[in-house]
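Everything below concerns the one structure shown next.
Derivation of every value follows stated rules applied to the coordinates shown; laboratory data play no part. Everything quoted here is computed from the prediction, not taken from an experiment. Glycine gets a Cβ as well: all are built from the backbone with ideal geometry, and neighbour counts include every protein chain shown.
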DNA sequence: CGCCGAATGTTACCACCGTCAACACTCCAC
DNA sequence: GTGGAGTGTTGACGGTGGTAACATTCGGCG
C-alpha cells in the first residue's frame with residue numbers, strides 16, 4: 001500500500017481505454033492488426049490476461065478499435081456537411097471528408113472495411129448502426145439534390161436514387177482504398193491527393209448533373 | 001518399402017500445388033486467411049513442417065494464393081475484352097468481368113486487395129506485374145475510346161486519361177468490395193448483382209460520353 | 001470504522017502455432 | 001550401385017490465445 005503518486009496502482013483506472021489506445025497505436029505504426037494481445041497488454045503496462053476483464057476476445061478488442069474508427073468517420077462526414085452549401089458542394093464535401101479520413105488513417109480504414117466486415121452479419125451492432133446512418137446521410141444529400149433539380153435523378157424513383165448512392169459510395173470507397181494501397185500513386189503522382197480526388201469526383205458528378213448543367 | 005499402389009508414397013508428387021489448393025479451399029470456406037499452416041498441411045495429408053520445403057513462410061504461402069487470384073482475375077479481364085465491341089462495350093465488359101470475379105471469389109478478392117497490399121511495396125514482384133498489366137489494359141481501352149471520340153477525353157492529355165482510369169478502377173473496386181461486404185445488399189436487393197452493376201456503370205459512363213451521346 | 005462482495009489485475013497453466021534443426025526416405029545422374 | 005539433391009518427418013523451442021485460481025482494491029452497508 002503506497003500512497004506515493006508515482007507508484008503504479010494495482011488498479012489501472014481506465015484500462016479499457018488504455019488497451020484500445022495501445023491497439024490503435026500499434027495498428028497505426030505497423031499497419032497490421034495481427035498483433036498479439038499480449039503485446040497490447042505489455043504496451044499498456046499490464047499483464048496479458050487483464051484484457052479479458054474488458055474484452056471477451058481478441059476479436060472483440062479489434063472490433064472495438066474498428067468501432068471508434070467508424071464513429072470518427074461519421075463525425076468527419078457530418079462535420080463536412082455542416083460547412084457545405086448546395087447539393088453538389090455537399091456531395092463533394094462528404095467525399096473529401098471520407099477520403100481524407102481514409103488517407104489519414106490508412107490502417108484503421110482497412111481494418112474497418114477489410115476485417116471487421118467479413119460479410120456484414122456478425123458485426124457489433126454499434127458498427128452496423130454507424131454504417132447504416134452514414135449511408136442514410138449520403139442518401140439524404142442525393143435525395144435533396146434530386147428534389148432541388150441539381151441532379152438528373154427522379155427523387156420518386158427509389159431504385160434510381162439507390163443506384164446513385166451506391167455509385168457515389170463505391171467510387172469514394174474504391175478511390176480511398178486504391179490510394180491507401182498506393183495503386184493510385186503509380187498511375188499519377190499528384191502533389192496532393194485532394195486534387196486528384198476532386199477530378200475523380202467531377203467525373204461522377206458530371207454523370208449526375210442535368211444536361212444543361214454539364215461542362 | 002511397399003509397392004502396393006494404394007499405399008501413400010513418401011513423396012507427394014506436387015505438394016506445392018496441393019498446399020495451395022488446401023489453403024485456397026480453406027479461404028473459400030471460412031472467408032479468413034488466418035488459418036494455421038498446420039491445418040493446411042493436415043488437409044494436404046502431410047506433416048506440419050513439409051510446407052517449408054515449398055514456401056519460406058506462412059506469408060509466402062498466402063502471397064502465392066493471392067498471386068493465383070491475380071492471375072485468374074487478369075485472365076477474366078482479357079477474356080472479357082476479346083468478346084466485346086466498341087469502347088463503351090469493352091469498358092462495360094471489363095467492369096463486369098472484374099465485379100463477377102470478386103463476387104464469385106469474395107474471400108480471395110479481399111485477400112488480394114486487403115492483406116496482400118499493405119502498401120504496394122513488399123509485394124511479390126509477380127503480383128505487382130499482374131496489377132500493373134491490368135491497369136495498362138484498362139488504360140488502353142480508355143485511350144482507344146478517347147481516340148475514337150467515344151469518350152469526352154483528350155487522348156493527348158495524360159492527366160485526363162489517368163483520372164478516367166482511376167475513376168473507373170475506383171468505381172469497380174469499390175462496388176465489388178461493398179457488394180462482397182453485403183453493404184450494397186441492404187441498399188437495394190437486386191435479383192442479380194449484374195443489373196445493379198450495369199446501372200452503376202452507366203452513371204460512370206454517362207460522365208465519360210461526349211455531350212451529344214448522352215442519354 | 002470494519003467488513004464483505006464485486007470488480008479488476010496477476011500468476012500459472014493448457015493446447016496450439018510458426019519455425020528450425022536433425023533425421024529418413026526417394027529419385028536421378030554418374 | 002552409389003551418392004548427393006530433393007522432399008517429407010519428427011521433435012523441440014519460444015510465443016500466443018484463452019481459462020482458472022488467486023490477489024488486490026474499491027465501494028457500499030452494518
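In table form, for the structure just shown:
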read-out: Average beta carbon contacts from partner chains per residue of B:193-202, 10 Å cutoff; value: 3
read-out: Residues B:43, B:110 arranged by fewest to most Cβ contacts within 10 Å; value: B:43, B:110
read-out: Over the protein assembly as shown: Rg over Rh, Cα atoms, Kirkwood Rh; value: 1.02
read-out: Contour minus Cα-Cα distance for residue B:136 and residue B:195 (0.36 nm per residue); value: 18.6 nm
read-out: Relative contact order (percent, whole number), region B:12-55, Cα cutoff 8 Å, 6+ residue spacing; value: 38
read-out: Interatomic Cα distance distribution for region B:20-74, bins of 10 angstrom, percent; value: 24, 59, 16, 1
read-out: Contact order normalised by residue count of region A:59-213, Cα under 8 Å, 6+ apart, percent; value: 27
read-out: With eigenvalues of the C-alpha gyration tensor scaled by 5 and rooted, region A:59-213, Å; value: 26, 20, 13
read-out: 10 Å Cβ neighbours from other chains, averaged over peptide A:155-166; value: 4
read-out: Inter-chain Cβ neighbour average for residues A:127-136, partner chain, 10 Å; value: 1
read-out: GNM top mover of B:100, B:83, B:174 - chain B, alpha-carbon springs below 10 Å; value: B:83
read-out: Simple spin-label estimate for residue B:32 and residue A:17 in nanometres, 7 Å along Cα-Cβ; value: 3.1
read-out: Alpha carbon centroid spacing (whole Å) that separates region B:29-76 from region A:20-81; value: 28
read-out: Binned Cα-Cα distance frequencies in region B:59-116 - 5 Å width, integer %; value: 4, 21, 26, 20, 14, 9, 5, 2, 0
read-out: Label-to-label distance, nm, for residues given as residue B:68 and residue A:144 (7 Å Cα→Cβ offset); value: 5.0
read-out: Ranked A:112, B:77, criterion: other C-beta atoms within 10 Å, fewest first; value: B:77, A:112
read-out: Chain B - mean residue ellipticity at 222 nm from DSSP helices (-39,500 (n - 2.57) per run, n ≥ 4, rounded to 500); value: -21500 deg cm²/dmol
read-out: Top of B:71, B:39, B:29 by mean-square fluctuation, Gaussian network on chain B, Cα under 10 Å; value: B:29
